[in-house]
Amino acid sequence: MLTQPFAEALAEAEKIIVGAPHATSERDLAEGYDYLAGSIQASLRLAWAYERDFPYFVQSTGPYMKLGLDNPDTLYFHAYLRDDAEYVVTGRRGSTADLSFQVLKGDYTPVEVPDSLSAFDDRAIDIGPDGDFEFRLGPGKARPGYFALGPGSAMLLVREVYSDWNTERRGAIRIQRADVVGCAPPPVTDTASAAKRYAVAGKLLLSRLRTFLAFPEWFYLNEPVNTMTVPRATPGGLATQFSSVGHFDLDGDEVMIVTVPAAGHQTAPYQGIQLGSMWYISLDYINHQTSLTADQARIDPDGRMRFVLSERDPGVVNWLELTGHRRGYVQIRWQRLTRDLGPEDGPEVALVKLDELPAKLPFYHEAQVSPEQWRARIAARQAATAERMVG
C-alpha cells in the first residue's frame, strides 16, 4: 500500500495523544483528538506544498489546524526555499498592525528551535503609496530591497498581525523563484512522488506532535504556577517581539488577575494576551473571549490593562474565559517594538477568590458589562474572524 507509511504514522500519532501526560479525562482526550485531526490536515497540506522551485505561500495554522500556541491575532504563512536560488516576493500591504518576515534554517523539532537566519518587518522594505511592495531574497550580499539567504535557508515565514479585528484589513502576498517565472514544473508521470509525500506527511505529523508537546517544558512549565515572566525577547530570533509567559492552575472559584501597562502604539503597535490549553494550542477564540489585544481591551484610567482569568463569569469586560480548562498557558506578546522592554513594562499577577473580585480589582464597577453587551462582543469576534479567514 502506497499510503502505508502514513497509516503507520497515524497509529503512532494516536498513541502520542492518548499517552500525553496531561490527558487524564475524557475532555482532555476529546480535545486531543480534535488537535490530532487538525495536525493530520496540516501535515498532508504541508507535504504536498513542499515545492522550492515553484513555491507558493501556504497558511501554516488556523482555527482548525492549530499548533505552537498559535496567536489568534496572527495569520501565519510560509513558503519553502533553496539557499542557492533567488526569489521575488510581491504583495500589497494591508492595514494590520504588523507584517513581518523570517527566514528559518530547518524546522522545529522535539529537541531544538530552528535557527533564524534573518528577521525583518515591512519597515525594511519600500512600500508604494498604493501599498504595493516587492523585494528579493537570494545568495550573495544584502542590499536595499535584497535580503541574503544564508547557508541552510529552508523556509520563509510571514506573520500578518491584527490589533483591531473590526477595522484592520489583511493584505496580499506572492512568492516566485526568479529564474523560472513563466515556466512550469515537469509533469508527474508515476506514483513515486505521491509515495514520498505520504511518507513525509507521516514524519511531519509525528514531529509536529512530539515537538509542541515538548515545547512548554522549555519555556513555560519550569516557571512557578500562576505567575508570569518579565518581558523577554521571544525565542526564535524575532528581532522586534518580546513576550511574557506563564501557566495557570485555577479552582472553579479562583481568579487570576493579570495587570500590565498598556504600551501604546508608539512603543508596540501590537500588544495582546491569550490563553492556551495543555495541548499547547489556543483556546476557542471565535466563540469565546480567550484573547484580547490592547485595541480590544479596556484600559483603566491609570494606563493599565487588568485581565481576569476565571471559569465563572466575573461580569467585567476584560474577562478571559477558561472554557472549562483548570490548567493551561497564558502569554502576552508585544510586537513591532521601538525599544526593549524591562520588568516595569511587564505583568503583575494576583490570585483571589471570585467573590473578592469587587474589592480586589481596581475600577471594578467601571469595567462591568451586561450579558447583552457580552453577547455583542462575542458576535463581533465571530463576524471578524470569519472575514479574516476568507480574506
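With the requirement that a residue be in contact with an Asp or Glu (Cβ under 7 Å, 6 or more places away or on another chain) and either part of a strand (DSSP E or B) or among the hydrophobic types (A, V, I, L, M, F, W, C) (or both), what does the range 324-341 give you? Residues satisfying the conditions are Arg327, Gln335.
Residue pairs whose Cβ atoms lie under 9 Å apart, sitting 6 or more positions apart in sequence or on different chains, and linking a residue in the range 45-56 that is without any contact (Cβ under 8 Å) to a residue 40 or more places away in the chain to a partner that is part of a helix (DSSP H, G or I) and surrounded by 15 or more Cβ atoms within 10 Å (Cβ to Cβ), are Arg45/Ala201. The residue list Ala386, Ala350 contains one member that is of a type in the set (A, V, I, L, M, F, W, C) and over 30 Å from Arg170 (Cβ atoms), which is Ala350.
Using the structure shown, decide if Ala233 is surrounded by fewer than 17 Cβ atoms within 10 Å (Cβ to Cβ), over 30 Å from Pro261 (Cβ atoms), modelled with pLDDT under 95 and among the small types (Gly, Ala, Ser). When the stated conditions are applied, Ala233 does not pass them.
Which residues, counting only those in the range 125-138, are in a strand (DSSP E or B) and either aliphatic (A, V, I, L, M) or open to solvent by less than 40 Å² (accessible area, probe 1.4 Å) (or both)? Working first, answer last.
Here is the first cut: in the range 125-138, the ones in a strand (DSSP E or B) are 127, 132-138.
Selection gives Ile127, Phe133, Phe135, Leu137, Gly138.
Residue pairs whose Cβ atoms lie under 6 Å apart, sitting 6 or more positions apart in sequence or on different chains, and linking a residue in the range 294-320 that is within 19 Å of Tyr162 (Cα to Cα) and touching a residue at least 60 places away in the same chain (Cβ under 8 Å) to a partner that is in a strand (DSSP E or B) and open to solvent by 30 Å² or more (accessible area, probe 1.4 Å), do not occur here. Filtering Val58, Val18 for residues that are loosely packed, with under 14 Cβ neighbours inside 10 Å and touching a helix residue (DSSP H, G or I) at 6+ places or on another chain (Cβ under 8 Å) leaves a single hit, Val18.
Of the residues examined, Arg123 is one that is modelled with pLDDT under 95 and either of a type in the set (Lys, Arg) or under 24 Å from Trp165 (Cβ atoms) (or both). In the range 1-27, the residues that are in a helix (DSSP H, G or I) form Cβ pairs under 8 Å with partners that are of a type in the set (Lys, Arg) and open to solvent by 50 Å² or more (accessible area, probe 1.4 Å), at six or more places apart or across chains, as follows: Ala9/Lys203; Ile16/Arg210.
Name the residue that is most open to solvent (accessible area, probe 1.4 Å), counting only residues in the range 236-278 that are among the hydroxyl-bearing types (Ser, Thr, Tyr) and in a loop (DSSP other than H, G, I, E, B). Spell out the reasoning first.
First pass over the range 236-278, keeping only residues among the hydroxyl-bearing types (Ser, Thr, Tyr): 240, 243-244, 259, 267, 270, 277.
Next cut, in a loop (DSSP other than H, G, I, E, B) only: 240, 267, 277.
Numbers: Thr240: 46, Thr267: 23, Ser277: 5 Å².
That would be Thr240.
When the residues of the range 306-324 are narrowed to those that are touching a Leu at 6+ places or on another chain (Cβ under 7 Å) and open to solvent by 20 Å² or more (accessible area, probe 1.4 Å), which ends up farthest from Tyr220 (Cα to Cα)? Step by step, filter the range 306-324, then rank; the result is Arg312. Looking only at residues in the range 342-385 that are of a type in the set (Val, Ile, Thr) and assigned to a helix (DSSP H, G or I), the one that is surrounded by the fewest Cβ atoms within 10 Å (Cβ to Cβ) is Ile378. Each residue in the range 139-163 was checked for being in contact with a Leu (Cβ under 7 Å, 6 or more places away or on another chain), of a type in the set (Gly, Ala, Ser) and either under 16 Å from Gln335 (Cα atoms) or part of a strand (DSSP E or B) (or both), and 2 pass.
The values are calculated or read from the model by the stated rules, or taken from the named source; none is laboratory data. All values derive from a computational prediction rather than experimental measurement. Virtual Cβ from ideal backbone geometry, glycine too; neighbours counted across all protein chains shown. These accessible areas exclude ligands, DNA and RNA; they are computed on the full protein's heavy atoms, side chains included. Shrake-Rupley method; radii C 1.70, N 1.55, O 1.52, S 1.80 Å.
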